[in-house]
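The values are calculated or read from the model by the stated rules, or taken from the named source; none is laboratory data. This is a predicted model, so every value here is computed, not measured. Cβ: placed from backbone, ideal geometry, glycine included. Neighbour counts: every protein chain shown.
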Amino acid sequence: MIWSLVKIIVFIAAVAALALGAGWLLESEGGVRIVVAGSEYTLDPLQSVVGFVLLVLAIWLGLKLMGLLVACWKFLSGDETALSRYFERNKAARGFDALAEGMMALASGDGRAALAKAEKANKYLDRPELTNLLTAQAAEMAGDRKKAEETYRKLVENEATRFVGVRGIMKQKLADGDTDTALQLAEHAFALKPKHEETQDVLLKLQADKEDWKGARQTLSAKLKHGHLPRDIHKRRDAVLALSEARQILDKDETIEAREAAIQANRQSPDLIPAAVMAAQGYVETGQKKYATRVLKKAWSVHPHPDLAAAFAAIEPDEDAAARLKRFAQLAKAQPNDPETRMLMAELHIAAEDFPEARRALGDLVETDPTTRSVTLMAAIERGQGASDTVVQGWLARALSAPRGPQWVCENCQNIHGEWGPTCDNCGAFDTLAWKRPPNSEVALPGGSEMLPLLVGSAPSGETAVAVVDPSEPDDIIEAEDLGNPPSKAS
């Protein structure tokens, strides 16, 4: 309100000042005399002021017209002018509008529309790092693999977009199944951007598939360094890679290096069962049985496993059944109530022909947690205590429908493996094999009742024979033995 009042007062003052000035000029005497080509013009003071203002306005218009003519001449000759800048801004606005529309089409899954908008944006914009990226992604979505690869190669030529181009071609090679080329491209992309998490994961998987364990360990260390992997998970996975590297060295008969690598893997992750087994074997080969015993006991305290029992038995291969039973009692103390411990001690007592103690060791396992192995052991105990063939055959028939128990199962795809490996044979996932019960393990053996002749038969002496099933071999029956001397991995 006050500002409006101020403006009105200023306007009235200005009009009054002009009126006073005009009146003063009209009352003034004299004027301006102008002589042009013999003609004389006399102007009074007011006319002189008006003429001066018109002259200034004419000069200003003349200068502006001259500037416009100069700008048009420069525009026609190709020089940058305000006119050219106007057209360039208009062109850039159209290009960015097309780019935005292309990105929206790409996000909505319309590859053809996105490709058309990308071509339009490329026409208006001189920004290949933007338009080429949109063109490549739109071509991929539209199914034009050739155009997408050509565009990615253009991105590789530009230093600012090289990583995007290499990564795009890498994904195409992975989709085509060309893992060799994909591995080289992943290494190149990793060298360009070592902090990129997706590139690290792809490179690690490809290196594991190619059994490049040394390179995989370096990639894993980079994931830890850049904060993409917790330290405890890195420690576990590095142990898996070290163990795989040790196995590779062992295949080349370089036993010393393999032994050292296995020991290193076991120190990094004592609960890694294959690493503990290989480390114990390495200690036994050098006569360090005390260290082998310590390694296996520590692993058993974390996770009892048949392979650990077999490695523990191999420390003293020539001991008798009584000595072995006494030595294994120290191992069993770590996990006395674990089903694996109870079945192991039952096997050892059966080997020592102490069937009542074997029954006590097995306890109520066949009722509370029956598996093919525990039920088969119960059949061996019954036979050893002189039970009738009907009772023994009843237990064996029950073993047909009992679950197989823990096995090496991929936690990613639930595929069952006969032995441990760093990667899943089915889905290729890294470090996903765990010793646990399969999700669907109700049927222990294939073929149902058709397998009965393999489990129950007549021994030469008329005694019943039992097929002893190894839980680590999901599809095979290992061997058939007389119940008077049942086999055991530990014995």
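What to note about this one:
- Filter result (under 41 Å from the mean Cα position of the chain (by Cα), surrounded by 19 or more Cβ atoms within 10 Å (Cβ to Cβ) and either outside any helix (DSSP H, G or I) or among the charged types (D, E, K, R) (or both)) within segment 328-369: GLU340, ARG342
- Contact annotation: residue pairs with Cβ atoms under 9 Å, 6 or more positions apart or on different chains, pairing a residue in segment 407-424 that is among the small types (Gly, Ala, Ser) with a partner that is modelled with pLDDT under 90 and in a loop (DSSP other than H, G, I, E, B), are GLY418/SER472; GLY418/GLU473; GLY418/PRO474; GLY418/ASP475; GLY418/ASP476.
- Of all the listed residues (LYS147, LYS173), the sole one being touching a Ser or Thr at 6+ places or on another chain (Cβ under 8 Å), surrounded by fewer than 23 Cβ atoms within 10 Å (Cβ to Cβ) and either at pLDDT 90 or above or of a type in the set (S, T, N, Q) (or both) is LYS173.
- For segment 184-196, a residue qualifies if it is part of a helix (DSSP H, G or I), within 19 Å of GLY227 (Cα to Cα) and either of a type in the set (Phe, Trp, Tyr) or touching a Ser or Thr at 6+ places or on another chain (Cβ under 9 Å) (or both), and the qualifying residues are ALA189, PHE190, LEU192.
- Any chance SER374 is part of a helix (DSSP H, G or I), buried (at least 21 other Cβ atoms within 10 Å of the Cβ) and either within 40 Å of the chain's Cα centre (by Cα) or free of Cβ contacts under 8 Å to residues at least 12 places away in the same chain (or both): yes
- Subset tally (residues that are outside any helix (DSSP H, G or I) and touching a Leu at 6+ places or on another chain (Cβ under 8 Å)) for segment 286-314: 1
- Here is the figure for segment 153-165: residues that are over 18 Å from MET141 (Cα atoms), touching a residue at least 12 places away in the same chain (Cβ under 8 Å) and out of contact with any Gly (no Cβ under 9 Å at 6 or more places or on another chain) total 4.
- Candidate set from segment 197-222 (those that are in a loop (DSSP other than H, G, I, E, B) and in contact with a helix residue (DSSP H, G or I) (Cβ under 7 Å, 6 or more places away or on another chain)); member that is surrounded by the fewest Cβ atoms within 10 Å (Cβ to Cβ): LYS210
- Residues in segment 325-342 include at least one that is closer than 30 Å to LYS290 by Cα, modelled with pLDDT of 90 or more and acidic (Asp, Glu).
- Residue that is nearest to LYS298 (Cα to Cα), among those in segment 317-327 that are without any contact (Cβ under 8 Å) to a residue 24 or more places away in the chain and assigned to a helix (DSSP H, G or I): ARG327
- Single residue of TRP435, TRP395, TRP420 found to be modelled with pLDDT of 85 or more and part of a loop (DSSP other than H, G, I, E, B): TRP420
- Which listed residue is over 33 Å from the mean Cα position of the chain (by Cα), more than 18 Å from TYR152 (Cα to Cα) and at pLDDT 85 or above, from ALA93, ALA105, ALA100: ALA93
- Filter pass, GLN264 being polar (S, T, N, Q) and more than 32 Å from the chain's Cα centre (by Cα): no
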